[in-house]
Amino acid sequence: MALLEIQNLNRRFGGLKAVNNVSFNVEQGSIKAVIGPNGAGKTTLFNLIAGNLPANSGKIYFNHAQINGQKPYQIAKQGISRTYQNIKLFHGMTALENVMLGRHIRSRAGFIAGMLNLPWTWPEEKEIRDKAQEYLNLLGVAECADTEISNLSFGQQRGVEFARALATEPTLLLLDEPAAGLNIYETAEIGRLITKIKESGITVLLVEHDMSLVMDISDEIVVLSFGEKIAEDLPHNIQQNEEVIRIYLGDEDA
Amino acid sequence: MDLLKRYIPVLFLLGLVIGIQLMTHFTGTGYYLTQLTMSAYYSVVVIGLCVLMGYGGQISLGHAGFFAIGGYLAGALTTHNLMPFKDYGLITFLDRTGMLVASKDLYGGDLLTVEPWAACITAVLAAGIIAFTIGGPVLKLKGHYLAMATLGFGIIIYRIGLATQYFGEADGISEVPGFKLLPGIEVSGSFGARVLNYYIAWAVVIVAVILLLNLIHSRVGRALRSIHGAEEAANAMGVNTSRYKLYIFVLSAVFAALAGVLVTHYNGGIGPSEAGVMKSVRYVAIVAVGGMANIWGALIMGIVLNFLSLRGVFGSYDDAVFGIILIVIMLFAPQGILKINPWQQVKSFFSVLAAERGEDTADS
């Protein structure tokens, strides 16, 4: 069984079918990309998987367990982590503190332990801090650790968000347009990073507009258009797929 | 190291508390201690609310309600005579378990009332349970809507106090006995116990400050701040945001109720004005002046403003002053009054001038 199975998923907004009867699988240890023109339903699909939106019908299985209908924090605890198209970091907190939040599900000190500052929480706090710093180092934004998040550049914020998502030690990482707003060098860097993440054993599902990045790193590609899946194949087959070329470049007659 | 940095201001506060007491002792101004004691209790409400608002990002315009729940329940339980109900099973049971105390009233009649410790625990638990019950649905609301809902709650509590005979209607409850915390340590307004009560109140404040400082520097505190920063992302990181919001709401309500209990025993009574909407607005204003996410700011402002108010400095414009403070702070110092750095402003003013000069000379 695949790590993530999406079966006949539907989501409507009023009369608009944002996600229309979409099914596909994501195999353990692979990188799968979801592409499609603007408004194809890619981000809606992500929100359905992460639990931010309820589906109208259909099922999502993760690690053999049905996850649709669960709350985002419950899904996160099972090992799905994500980044956002428009970066969502915690304002008023430093970069390090942001990444420390990624360790939330890997630690357990509660209200009472926190208020009494119980000694058993000290090594836990230290571990949270050390791990968070490690992920900042990994993403090359270690120097931002003590800077408040709104004072960072866009690229640095993206790095911190990435570090935060990785800090949860996810099984499946959802990346919503990781290369948006980055220049070609930074995009190439992100590509290498995602490959490295895959090599460390994390499965990646990403939404991306940058075709060269998608073609480079993906093992498989799903194409959405107006909420429907119109193709699912290996990258070089997708490049040849006439339907895909048509929706991206338009009809010859048009 | 971090821990040291966290607790040094607490030691400083302790020194200040002792210093002020000694100063009033030698200058013969011991009457200030009464207002300082009450300010201390009110500050417990304020710092609890500060963690809810500044760190959790949830507003409450109903905290005077929780204060009143604590105060009214403790007051009513420790003053109403249970003698006529002596033969009821429940009362006999409570009497046998030591939850009731017998005493004589002014005219030598027999009084049977709830023991203050039992009353205190009941009152604080009741406030916690009420906060838990209303918090569930109410905290689903955000921003103005949450403010409106908690305001409504405060008004309900105020009206209940005003309309219920058990709670003394417009007169409130008076002749509340002292609260013996330990043998020889009693919260009461008696003249001879003024210094002792000053230290009791400040001990409560210091314990409350330490607990909250620990909390905000813990994993839970971080999670609360993340909810404030970006609730959706916090949820995606595995933070059960609705539960955290509820718990911090309950915690701040418990702090308010505890303060209510202690003030009621200290004053020997409580009236409906303690539950009034203007009291809630006052607490919110103080948190805002202190800088929202700043426990020390809230504490300092809580002491200073409550002290001035209790000394009658604002006269009959008391509530108006707090309204004005809220407006002015929101307009000119949304980061709180302690974040205003006059020297910085003077410097930036002159640097702007200098820059303009520079441009002038460059042009010519």
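General observations
- For the pair residue A:112 and residue B:182, a Förster radius of 30 Å applied to the C-beta separation gives a FRET efficiency near 0.80, rounded to the nearest 0.05.
- Calculated FRET efficiency for the pair residue B:320/residue B:145, C-beta based, R₀ 30 Å, to 0.05: 0.65
- Phi-based couplings in Hz for region A:112-121 (Karplus 6.51, -1.76, 1.60; Gly and Pro marked x): 5, 4, x, 5, 8, 6, 4, x, 5, 7
- Whether region A:124-197 is rounded, prolate or oblate, judged on the alpha carbon gyration tensor where a/c under 1.5 counts as rounded: oblate
- Simple spin-label estimate for residue A:184 and residue A:199 in nanometres, 7 Å along Cα-Cβ: 2.4 nm
- In percent, rounded to a whole number, the relative contact order of chain B is 30, using alpha-carbon pairs under 8 Å and six or more apart.
- Bridgeable lysines around residue B:142 (alpha carbons under 26 Å apart, same-chain partners fewer than 8 residues away excluded): A:71, A:77, A:88, B:245, B:279.
- Net charge over other residues, Cβ less than 14 angstrom from the Cβ of residue A:151 (K, R count +1; D, E count -1): -4
- Centre separation in Å (Cα based) which lies between region B:308-323 and region A:95-136: 44 Å
- Residue of A:75, A:197, A:112 that the Gaussian network model of chain A assigns the largest fluctuation, springs spanning Cα pairs under 10 Å: A:112
- ³J(HN,Hα), Karplus 6.51/-1.76/1.60, whole Hz, each residue of region A:43-59, x for Gly, Pro: 5, 4, 4, 4, 5, 5, 5, 7, x, 6, 10, x, 7, 6, 7, x, 9
- Peptide-level mean, for A:48-57, of C-beta atoms on other protein chains within 10 Å: 1
- Furthest towards positive pole of dipole, A:110, A:142, A:78, structure part chain A, Cβ charges: A:110
- Annotation: peptides B:30-39, B:196-205, B:86-95, B:132-141, ranked by per-residue average of other Cβ atoms within 10 Å with the highest first, follow the order B:196-205, B:30-39, B:132-141, B:86-95.
- Amide H to amide H, with H built 1.01 Å from N, residue B:111 comes under 5 Å of B:103, B:104, B:105, counting only residues 5 or more places away or on other chains.
- Annotation for residue A:233 and residue A:30: the two label points, set 7 Å from Cα along the Cα-Cβ direction, are 1.5 nm apart.
- Averaged over peptide A:84-91, the number of partner chain Cβ atoms lying within 10 Å of each residue's Cβ comes to 4.
- Each listed q (0.05, 0.08, 0.09 Å⁻¹) maps to a log10 I(q)/I(0) for the protein assembly as shown from the Debye sum over equal C-alpha point scatterers, namely -0.31, -0.71, -0.84.
- Under 13 Å, Cβ to Cβ, from residue B:89 - net charge with Lys/Arg +1 and Asp/Glu -1: 0
- Cα-centred dipole magnitude for region A:88-169, charges only on beta-carbon of K, R (+1) and D, E (-1), debye, nearest 20: 240 debye
- Note on chain B: GNM, Cα springs under 10 Å; of B:225, B:159, B:96, the largest mean-square fluctuation is that of B:96.
- Shielding by partners, peptide B:205-217 (average Cβ within 10 angstrom, other chains): 2
- Computed from the C-beta positions of residue B:96 and residue B:125, the FRET efficiency with R₀ = 30 Å rounds to 0.90.
- Amide H within-cut-off set for residue A:82, under 5 Å, with H built and near neighbours excluded: A:174
- With Cα atoms defining each centre, region A:226-252 and region B:63-113 are spaced 79 Å apart in the structure.
- Projecting label points 7 angstrom from Cα along Cα→Cβ for residue A:249 and residue A:126 puts them 6.1 nm apart.
- Size of electric dipole in region B:69-156: Cβ of Lys, Arg +1 and of Asp, Glu -1, about Cα centre, debye, nearest 20: 420 debye
- Packing, taken as the mean count of other beta carbons within 10 Å per residue, orders the peptides B:48-56, B:265-273 from highest to lowest as B:48-56, B:265-273.
- Karplus 3J(HN,Hα) series, Hz, for region A:191-207 with 6.51 cos²θ - 1.76 cosθ + 1.60 (x for Gly, Pro): x, 4, 4, 5, 4, 4, 4, 4, 5, 7, x, 8, 7, 10, 10, 10, 9
Every number in this text was worked out from the coordinates using simple rules, so none of it is lab data. A quick note: this is a predicted structure, and the numbers were derived from the prediction, not measured. All Cβ positions, glycine included, derive from the backbone under ideal geometry; neighbour counts span all protein chains shown.
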